[in-house]
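One structure is given here, and the rest of the page talks about it.
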Amino acid sequence: MIVLGIESATESVGVALAASDGVLASVEVARGRRHAESIVPCVQFVCERADIELSEVGAIAVDVGPGLFTGMRVGIATAKSLAMALNIPMVPMTSLEVLAAAEATTDDIIVPVVDARKSEVFWAMYRRTHQGLELLHQPTVGSVDDLVSDLMARDQSSVCVGDGAHRYGDDITAGFSCSIGAAVHPSASVLASEAVLRAIRDETVAEQMVEPVYLRQPDAQINWSTREVRS
């Protein structure tokens with residue numbers, strides 16, 4: 001099983017090809033949120049590097065967020081178009097799952113923390129088991145204080161990963177004793193590798209079932225709602 005992974009929920013665009021024996025090729029491009037211009041050339045690049053035809057790909061994996069609204073939508077739309085054209089299933093993963101999957105060897109509770117701007121963060125909690133990642137706390141959005149309160153309530157050894165963990169690391173560790181892991185952004189290589197395992201377990205969906213995970217309304221919708229209230 002060969003899986004093509006598309007990661008576009010952050011400032012960078014990442015694309016990777018993976019199989020059961022590991023990552024075949026990957027590329028990451030940081031071009032100032034120019035996701036729409038970068039994804040297709042990245043797909044072409046990894047296929048050429050791995051000497052793989054798109055027709056050999058058995059599933060498409062994509063990061064469905066939470067993250068940058070525009071980047072997510074571009075990545076999801078591209079992934080769904082490819083899946084439809086190739087008539088193959090998809091493996092949607094949240095950016096929180098991809099970050100957690102990067103912490104493959106820890107026995108601690110894995111807490112991916114994504115910077116949501118506006119002094120808020122997205123987070124969830126996972127434990128790694130022999131079957132993969134076990135979700136302990138549903139993805140949510142809130143303040144860093146809310147996150148620390150959840151960590152204190154669980155009161156278990158934890159490692160926080162992601163750009164939110166790095167940005168607010170001092171606040172998190174001051175409120176609760178935990179470590180800050182190395183992963184900053186979701187990796188296309190991790191996405192594709194994890195998706196291979198899920199595809200082998202037949203944990204795939206049809207392209208029409210894939211939807212973005214926002215956790216918070218887009219700013220435009222929030223502003224429009226505020227305007228209506230004021231009117």
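The values are calculated or read from the model by the stated rules, or taken from the named source; none is laboratory data. Every value quoted in this text rests on a predicted model; they were computed, and no experiment measured them. Note that each Cβ is placed from the backbone with ideal geometry, even for glycine, and that neighbours are counted across all protein chains shown.
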Do we have any residue at all in region 31-52 that's closer than 20 Å to residue 162 by Cα, surrounded by fewer than 19 Cβ atoms within 10 Å (Cβ to Cβ) and small (Gly, Ala, Ser)?
yes
Checking residue 87 against (1) at positive phi; (2) surrounded by fewer than 18 Cβ atoms within 10 Å (Cβ to Cβ); (3) touching a Ser or Thr at 6+ places or on another chain (Cβ under 8 Å); (4) not assigned by TED's automatic domain parsing to the domain that holds residue 159, which test does it fail?
(3)
Taking first residues from region 123-134 that are more than 22 Å from residue 149 (Cα to Cα) and second residues anywhere that are charged (D, E, K, R), the pairs with Cβ under 7 Å that are 6 or more apart or on different chains are 133/97
Can you confirm whether region 132-143 contains a residue that is over 18 Å from residue 214 (Cα atoms) and not in a strand (DSSP E or B)?
no
Matching entry among 183, 192, 174 (being free of Cβ contacts under 8 Å to residues at least 12 places away in the same chain and out of contact with any Cys (no Cβ under 6 Å at 6 or more places or on another chain)):
174
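For (1) part of a strand (DSSP E or B); (2) aliphatic (A, V, I, L, M); (3) under 17 Å from the mean Cα position of the chain (by Cα), each residue gets a yes or a no:
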position	(1), (2), (3)
124	yes, yes, yes
164	no, no, yes
191	no, yes, yes
202	no, no, no
Go through (1) crowded, with 19+ Cβ neighbours inside 10 Å; (2) polar (S, T, N, Q); (3) more than 30 Å from residue 206 (Cβ to Cβ) and name the single condition residue 173 misses.
(1)
Among 90, 72, which is within 16 Å of residue 191 (Cα to Cα), at pLDDT below 95 and not β-branched (Val, Ile, Thr)?
72
Specify the residue that is surrounded by the most Cβ atoms within 10 Å (Cβ to Cβ); the eligible residues are those in region 53-76 that are under 12 Å from residue 5 (Cα atoms) and touching a Pro at 6+ places or on another chain (Cβ under 7 Å).
63
